[in-house]
1. Output the residues belonging to the range 8-51 that are under 8 Å from the mean Cα position of the chain (by Cα) and among the polar types (S, T, N, Q).
2. Report every pair of residues separated by at least 6 positions or lying on different chains whose Cβ atoms are under 7 Å apart, first residue within the range 31-48 and under 21 Å from R21 (Cβ atoms), second charged (D, E, K, R) and outside any loop (DSSP other than H, G, I, E, B).
3. Taking the range 10-28 only, how many residues are charged (D, E, K, R) and either surrounded by fewer than 12 Cβ atoms within 10 Å (Cβ to Cβ) or in contact with a Phe, Trp or Tyr (Cβ under 6 Å, 6 or more places away or on another chain) (or both)?
4. So which residues in the range 22-41 are assigned to a loop (DSSP other than H, G, I, E, B) and out of contact with any Leu (no Cβ under 8 Å at 6 or more places or on another chain)?
5. Scan A52, A57, A39 and give me the residue that is of a type in the set (G, A, S) and modelled with pLDDT under 75.
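The values are calculated or read from the model by the stated rules, or taken from the named source; none is laboratory data. Being a predicted model, the structure only gives us computed values, none of them experimental. Virtual Cβ from ideal backbone geometry, glycine too; neighbours counted across all protein chains shown.
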Amino acid sequence: MSSGWGCQHLTKEGDEKEWCRLLSHKCDPGCKGCVLFGAGLFSVENTPSNKAFERKAKNRSDNPLDK
């Protein structure tokens, strides 16, 4: 059995096989406005999502009672 994640906004538009209905442009996982933005680290280092994810990680405390 295989599993994976499929985006509900991914569709075809003309000749373009990976079109984002949410943002109305070619699918670019992790771009601003994407449902994956800031959700995790991507293998492509210059993705804006990686910077947003790292900012979240720096601000997060492992101790929820620590203020």
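1. S49
2. These pairs meet every condition: G38/K56.
3. 4
4. Going residue by residue through the range 22-41, those that are assigned to a loop (DSSP other than H, G, I, E, B) are 22-24, 27-41.
L22, L23, S24, D28, K32, L36, F37, G38, A39, G40, L41, listed by residue number.
5. None of the other options fit; the residue is A57.
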